[in-house]
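Shown next, in structure tokens, is the structure this report addresses.
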Amino acid sequence: MTLIFLLVLPLAASLLCLVIRSRAWLERLNLIAFSGVMALAFKIGMDVSRDRVISAMNGLLRADALSAFVVCLVAFVAVACSIYAVGYFRRDERAGTISGAQLRRYYGLTPLFVFTMLLVPLADSLGVMWVATEGTTLASVLLVTFYNRKTSFEAGWKYIIIGSVGISLALFGTIITYYSAVVVLGQETHHGMNWSELVGVAHRFDKSSMRLAFVFVLVGYGTKAGLVPMHTWKPDAYEQAPVPTAALLGAGFINCAVYGIARFNVLAAKCLGPEFSGKLLVGFGVASILVAAPFILAQRNFRRTLAYSSIDHAGIMVAALGFGGKLGALGAVLHMLFHGVTKPLMFFCAGNVQQHFGTSYFWKVRGVIQTLPWTGGLFLMATLAVTGTPPFGLFQSEFKILSAALAAGHPWAAFLFIAGVVAVFAGFLVHMAKMNLGSKQFVSGEMAPAASLETGFRWQYGAMALVTMFATSLSFWLPGPFYNLLEQAAGIIGGTQ
Amino acid sequence: MNLPGTQIGEQLITLFAAGMLVLQLLLVVQPMLLTNIRLFALQSLLLAGIAAIVAWFNNATDVYIVAVLTVIGKVIFLPWLLDRQVRRIRIVQEIDPFLGAPASMLICGALTLLGYVVARPVTLLGRLGNNTLAIAITLLLTGFYLMINRRKALTQVLALLTVENGVMLAAVALTTYGMPLVVELGIFFDVMVAVMVLGILVYRIRESFDSMDTSKLSKLRG
């Protein structure tokens, strides 16, 4: 029942937003809906960590530890974004850059987007999972083009075209997986696409078609995750989308795409042994890390930098899946967790800076920490956290993944992995230090003292406080039942459960 | 698969699939936009035919629904929608590709070969409609080529739809009994929504750029 409620809630909110006209109610409805989603996700997490698997609607919906984990992550990011969005769009409205119709579009489509993101991990059938993934693109493309600028349409067009091409490849891969399973399952087509059915018989699949299928699926879901060389939509979409949407894409949806890859990886590893899919995953993952690094070093626009950082992290997650073993699986899960709870902070800080200074270019912004002390300070902290500096969580997960690489006998991949991560760290630090530190700079015409400037960001700071709290406390302490859930999720990814 | 009719069914499927490929190649060389839309409708009709044949010979009632949905959605509704859009925004009919017909034909020949090479190890299984896997992959590859080679936003939508046809060909012909109905319905729904959303975008791009030429979408870099 909880599963159905979880899905119905955002859907209902989305429909209600169609008829509501007042801004205050749109905001409230989103806040209430996503808080509800968060509570339900939390409950599902608890239930699954106790019962292992819960299902609903005749097995159409199924949550094991991995699904519950991704659901919790998505719900958390959605809540944080809905709080941030209130302040962000009020500022936009005051500045006169958006209209009431645009506001309704945002508040109506965002719950729909979240609904599709929640359906991805909860669908047992690989086909329904695909439908939901395509749904995320369709629900979010009009959010990417939110500002109706020429550049937004360019970004939106690239987003939907590249995304649709990628996702049609994923569908092809899904169908061939099904084809290779038909050999085993015969006419049992009603549940023949259900992952929980397939995983038990995966070792008997037709090998040649499974090989072909996995390549298609990896390229397909890899496009949505933003792996190199299918990443080109990402910088444009992340730059043009409003900040809360970019954060949902970059910290929430990325987990759904990696989740899809992880599910198929289990099937492929059971059928072909871990070698075949592992090599492909490591290849794509390390390539993504290496390509992202120089783009971050040479970047001039901080919104785009976040996109390349997200490409880098997608690469790390996928490489972790590829290294495999107990360490690799646990590393991947931890990395998804810490990335999900840390990354929104980066987006939020960048959003504040962009709204205050009216630009997203590094060189036009100086001394954030003196103009907006909280934003500047948190921006620096988030930079350190996201680039994997101890004591933050991403350091632990990256360290685990590195150990997994060495344990699995990939010294070269490990070397390239370190090189990429260090280059990304250096690039980030140079840019962010220059932007946040240094002498004070006022936006023209606005000479108010710092204290009163900050009050315009109340809602934003609320969201940032929430994210900061989770990002820092989880780095030091994972509550027992939650860690239990993570270990189970890692067990599913590793194929041992 | 030991019914006497299966042989004929298999041959019919191969024939129809080959027809889809021929139509795809015609799409590649045909410069008029409205004709392109008709060719796509015809290709979808063949796809629906294949679904009907599969349903008939396997007694799979679910697959009939696929056939009906394909006719309603891809043979009637989408071509009508695209047609209306072409007329409404009164775009120039010529498609204006980067590469001309002879070069395109050559490339598509090579892509067809590639399709067969990729499908070869799988085809050795020798089950109903296996030849179609090669054609499905070829439709996919040539669809991507169409997408790259054409500048107009609307023709890219059309190319995407032919890719989708290739995928559905694999779905119908390979899996014998079709996919679970809920998945088929979901895919159908997604494709319809996708084309509508793309339609909105095409309209907006046309409004703000005074053109549908996607090679003009080149401001975002780095």
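The values are calculated or read from the model by the stated rules, or taken from the named source; none is laboratory data. Remember, it's a predicted structure, so these values are computed and weren't measured experimentally. With ideal geometry, Cβ positions are generated from the backbone for all residues, glycine too; neighbour counts draw on all protein chains shown. We work out accessible area using only protein heavy atoms, side chains counted, and drop any ligands, DNA or RNA first. Shrake-Rupley method; radii C 1.70, N 1.55, O 1.52, S 1.80 Å.
The share of accessible area on the range A:2-493 that comes from carbon and sulfur is 68 percent, using a 1.4 angstrom probe.
Per residue of chain B, the DSSP helices (runs of n ≥ 4 H) give a summed -39500 (n - 2.57) that works out to -25500 deg cm²/dmol at 222 nm.
Taking Cα centre as origin and charging only the Cβ of basic (Lys, Arg, +1) and acidic (Asp, Glu, -1) residues, the dipole magnitude of chain A rounds to 900 debye.
Between the listed residues B:L42, A:T371, A:F457, the Cα displaced farthest toward the positive end of the dipole of the protein assembly as shown, a dipole computed from Cβ unit charges relative to the Cα centre, is found at A:T371.
Just tell me, in residue order, which DSSP H segments of chain A are both 24 angstrom or longer along the helix axis (alpha-carbon based) and at least 1.6 in mean Kyte-Doolittle hydropathy. All intermediate terms of the calculation are to be shown ahead of the outcome.
On the way: long enough: A:2-19 (26 Å, 2.73); A:23-51 (41 Å, 0.50); A:65-95 (44 Å, 1.23); A:100-122 (34 Å, 0.87); A:126-144 (27 Å, 1.55); A:150-185 (51 Å, 1.20); A:207-225 (26 Å, 0.77); A:254-272 (26 Å, 1.21); A:274-297 (34 Å, 1.55); A:302-323 (31 Å, 0.70); A:325-357 (47 Å, 0.68); A:411-436 (37 Å, 1.57); A:458-476 (27 Å, 0.68).
Qualifying helices, which must be both long enough and hydrophobic enough, are A:2-19.
Interface residues of the range B:176-194, defined as a loss of at least 40 Å² in heavy-atom accessible area between the chain alone and the complex of all protein chains with a 1.4 Å probe, are B:Y177, B:M179, B:P180, B:V182, B:V183, B:I187, B:D190.
Once both axes come from the Cα atoms, what is the angle between helix B:33-58 and the longest principal axis of chain B, in degrees from 0 to 90, rounded to 10? Orientation of helix B:33-58: about 20 degrees from the principal axis.
Straight-line reach from A:K400: taking Cα to Cα under 14 Å and skipping same-chain neighbours fewer than 8 places apart, the aspartates and glutamates in range are A:E487. For the range B:199-221, a reduction of at least 40 Å² in accessible area between the chain on its own and the assembled protein chains (probe 1.4 Å) is found at B:L201, B:R204, B:S208, B:F209, B:L217, B:L220. Just to confirm a number: summing +1 for Lys and Arg and -1 for Asp and Glu over residues other than B:I187 whose beta-carbon lies under 12 angstrom from that of B:I187, what do you get? Once all neighbours under 12 Å are counted, the net charge is -3. Excluding same-chain neighbours fewer than eight residues apart, the aspartates and glutamates reachable from A:K207 by a Cα-Cα span under 15 Å are A:E275. The loop-placed trypsin sites (Lys or Arg not before Pro) in the range B:8-98, going by DSSP, that have at most 10 neighbouring Cβ atoms within 10 Å of their Cβ come out as B:R90.
Rounded to the nearest whole Å², what accessible area per residue is found for the range B:45-118 with the 1.4 Å probe? Can you show the working numbers first?
Details: 3930 Å² over 74 residues.
For the range B:45-118, the per-residue accessible area is 53 Å².
Dipole orientation for the protein assembly as shown: of the candidates A:Q488, A:P390, B:L158, A:P390 has the Cα lying most toward the positive pole (charges on Cβ; Lys, Arg +1; Asp, Glu -1).
Normalised by the number of residues in chain B, what is the relative contact order in percent for Cα pairs under 8 Å and 6+ residues apart? That works out to 23 percent.
With the full set of protein chains in place, find how many percent of the accessible area of chain B is carbon and sulfur; take the probe as 1.4 Å. Spell out each step's value before the answer.
Details: 6390 of 9340 Å².
Carbon and sulfur together cover 68 percent of it.
Each Cα pair under 8 Å and six or more residues apart adds its sequence gap; the mean of these over the residue count of chain A is a relative contact order of 17 percent.
Show me you know the interface measure: the accessible area buried between B and A, both chains summed, probe 1.4 Å, in Å² to the nearest 100. List each step's numbers first, then the result.
Numbers: alone 11500 and 18000 Å², together 25200 Å².
The summed interface area works out to 4300 Å².
With protein chains left intact and a 1.4 Å probe, residues in the range A:2-493 average 31 Å² of accessible area per residue. For the protein assembly as shown, report the translational diffusion coefficient in µm²/s to the nearest whole number, using Stokes-Einstein at 37 °C, 0.692 mPa s, and a Kirkwood Rh over Cα pairs. Taking Rh from Cα pairs, D becomes 126 µm²/s. Where in the range A:151-167 does accessible area fall by at least 10 Å² between the isolated chain and the complete protein assembly, at a 1.4 Å probe radius? Relative to the lone chain, where solvent access is computed with a 1.4 Å probe, the range A:151-167 loses at least 10 Å² at A:T151, A:F153, A:E154, A:W157, A:K158, A:I160, A:I161, A:S164, A:V165. For A:K224, the aspartates and glutamates whose Cα falls under 19 Å of its own Cα, not counting residues fewer than eight places away in the same chain, are A:E134, A:E154, A:D236, A:E239, A:D312, B:E164, B:D190.
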